[in-house]
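Okay, structure first, notes after.
The values are calculated or read from the model by the stated rules, or taken from the named source; none is laboratory data. All values reported here derive from a predicted model rather than from experimental measurement. Here the Cβ positions follow ideal geometry from the backbone for every residue, glycine too, while neighbour counts run over all protein chains shown.
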Amino acid sequence: RKEVEQDPGPFNVPEGATVAFNCTYSNSASQSFFWYRQDCRKEPKLLMSVYSSGNEDGRFTAQLNRASQYISLLIRDSKLSDSATYLCVVLKTGTYKYIFGTGTRLKVLA
Amino acid sequence: GAVVSQHPSWVICKSGTSVKIECRSLDFQATTMFWYRQFPKQSLMLMATSNEGSKATYEQGVEKDKFLINHASLTLSTLTVTSAHPEDSSFYICSAQQGYEQFFGPGTRLTVL
């Protein structure tokens, strides 16, 4: 089983739609989680950290479910500019190493 | 703040040559930097952890003699792909650590002919 798993997609959604991605992780001791966004042929950019209580940043909401070992990202009112690959990242326990999921590709259609 | 640069942004070389990639933290010091590789339609795979003033720590399956890492200062780490072959063609990305967060460079696209 991979340490971090994501549905690769693609998710094709119309503008204005709400879309959610899930990511599961295998190590129950994991403490820190992030969502990154990666555009084609570019480096990943931090979208948001994921806190235990859940957190929201504008149209984006991240949730953590420790019992089921998954994190989620909800995007409301999708924009064309949201089209990208969304990477789930888990900090490897006891280190500063990032473990990346394979990414979920989102296409927002006009 | 927290800007990381990489040079070159792309390189094309002949099989058998060596290629050096630089990673710099421009506005902060980083005792730890990371080197990743990303093949098309795959995620980032950590190759090694670069520690200023000490030897790099390589992930399992990554040949340390092929991918030479030097972290000579708090703002610069270099990755040298020695005797590059077509299968080394990939997108190489570095990151610099600040706290728990990593800041990524723009990546270097390597094509080996």
Among what's in the stretch B:63-98 and is surrounded by fewer than 22 Cβ atoms within 10 Å (Cβ to Cβ) and closer than 20 Å to A:LEU91 by Cβ, pick the residue that is nearest to the other protein chains (Cβ to nearest Cβ).
B:GLN97
Of the residues that make up the stretch B:32-46, is at least one of a type in the set (S, T, N, Q) and in contact (Cβ under 8 Å) with a residue 12 or more places away in the chain?
yes
Flag if B:PHE28 is within 11 Å of another protein chain (Cβ to nearest Cβ) and either touching a residue at least 24 places away in the same chain (Cβ under 8 Å) or of a type in the set (D, E, K, R) (or both)
no
Lone qualifier among A:TYR36, A:TYR51 - being within 14 Å of chain B (Cβ to nearest Cβ), in contact with a strand residue (DSSP E or B) (Cβ under 8 Å, 6 or more places away or on another chain) and more than 29 Å from A:LEU109 (Cβ to Cβ):
A:TYR51
The strands (runs of 3 or more DSSP E) lying entirely within the stretch A:20-105 that contain at least 1 residues which are of a type in the set (Phe, Trp, Tyr), within 15 Å of the chain's Cα centre (by Cα) and surrounded by 16 or more Cβ atoms within 10 Å (Cβ to Cβ) are A:33-38, A:60-65, A:70-75, A:84-91, A:98-100
Test B:LEU76 against the stated conditions and say whether it is touching a residue at least 40 places away in the same chain (Cβ under 8 Å) and farther than 20 Å from B:GLN42 by Cα.
yes
Could you look through the stretch B:99-112, keep only residues that are farther than 17 Å from B:SER43 by Cβ, at the interface with another protein chain (Cβ under 10 Å from one of its Cβ atoms) and surrounded by fewer than 22 Cβ atoms within 10 Å (Cβ to Cβ), and pick out the one that is modelled with the lowest pLDDT?
B:TYR100
